[in-house]
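J.: Before anything else, here's the structure in question.
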Amino acid sequence: MAAPSEPAAISARDLETIFREHHAMVFRAAYRVTGNAGDAEDVLQTVFLRLVKRDPAAEPVGNIASFLHRAAVNAALDLVRARQNVRNIPLDELEPVLAEAGHHSPDRIHGSHEIRAWLRLALGRLNPRIAEMFTLRFFEGKDNPEIAKLMNTTPGTVAVTLSRTRDRLAREYQAYLGGVA
């Protein structure tokens, strides 16, 4: 779409164009958070339904791609939070595992899936804004200035928040493993 902003009320044709251009990005963002294709599809539907049902009097969306990405991350985090009946892993341990290829031994692959499941649940317990920052940084690979721009804050705030969140998750993971928290 050539327009710099999208109107709050979206026509069916505009919605179709927006969906065609952005559905893959929304699905990927949701999948990175949920780890499940079915859940990512649910998030995809939720995001676009919310876009359709958006109040016509609402302020126009300035950057539709950014808006949809944030909506996908938030909806995926909401879904993860709703499924919070499992246990609580350190970010220094998680970051390499999240980036690893899948050609490892079965034990390592199982451990990787367990860590990812723990991390999703831990994210669900965080403040939504903090969980979104964390997801944008460690799941989406955005740098601090990009996150700051997306979330209307400063890179310094993002850096401090992410550092504190990493420390908190590291302590929780130690407790999960049976260590001293």
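J.: So, of the residues in region 47-61 that are modelled with pLDDT under 90 and among the β-branched types (Val, Ile, Thr), which turns out to be nearest to Arg20 (Cα to Cα)?
T.: The extreme case among them is Val52.
J.: Do you know which residues across region 27-58 are more than 13 Å from the chain's Cα centre (by Cα), of a type in the set (Gly, Ala, Ser) and not in a loop (DSSP other than H, G, I, E, B)?
T.: Across region 27-58, the qualifying residues are Ala37, Gly38.
J.: For Asp78, are the conditions met, namely being surrounded by 14 or more Cβ atoms within 10 Å (Cβ to Cβ) and at pLDDT 85 or above?
T.: Here the answer is no, as Asp78 does not meet what is asked.
J.: Shifting gears a bit: Can you name the residue in region 148-165 that is under 24 Å from Thr34 (Cβ atoms) and modelled with pLDDT of 90 or more and is also surrounded by the most Cβ atoms within 10 Å (Cβ to Cβ) among such residues?
T.: If we take residues in region 148-165 being under 24 Å from Thr34 (Cβ atoms) and modelled with pLDDT of 90 or more, then Val158 is surrounded by the most Cβ atoms within 10 Å (Cβ to Cβ).
J.: Restricting to region 166-181, and then to whatever is farther than 16 Å from Glu132 by Cβ and of a type in the set (A, V, I, L, M, F, W, C), can you tell me which residue is modelled with the lowest pLDDT?
T.: That would be Ala181.
J.: For Ala72, work out the one condition from (1) at pLDDT 90 or above; (2) surrounded by fewer than 20 Cβ atoms within 10 Å (Cβ to Cβ) it doesn't fulfil.
T.: (2)
J.: Need pairs with beta-carbon distance below 8 Å; first residue under 17 Å from Arg28 (Cα atoms) and within region 128-150, second assigned to a helix (DSSP H, G or I) and acidic (Asp, Glu); sequence gap 6+ or separate chains.
T.: The qualifying pairs are Leu136/Glu146; Phe138/Glu95.
J.: Filter region 127-147 down to residues that are surrounded by 15 or more Cβ atoms within 10 Å (Cβ to Cβ) and in a helix (DSSP H, G or I), then give me how many there are.
T.: Residues in region 127-147 being surrounded by 15 or more Cβ atoms within 10 Å (Cβ to Cβ) and in a helix (DSSP H, G or I): 12 in total.
J.: Right, something else. So the check is Cβ under 6 Å with 6+ separation or different chains; which pairs have a first residue in region 59-73 that's assigned by TED's automatic domain parsing to the domain that holds His23 and part of a helix (DSSP H, G or I) and a second one that's surrounded by 19 or more Cβ atoms within 10 Å (Cβ to Cβ) and aromatic (Phe, Trp, Tyr)?
T.: So the pair list comes out empty.
The values are calculated or read from the model by the stated rules, or taken from the named source; none is laboratory data. If you're wondering where the values come from, they're calculated on a predicted model, not measured in any experiment. Neighbour counts run over all protein chains shown; Cβ positions are idealised from the backbone, glycine included.
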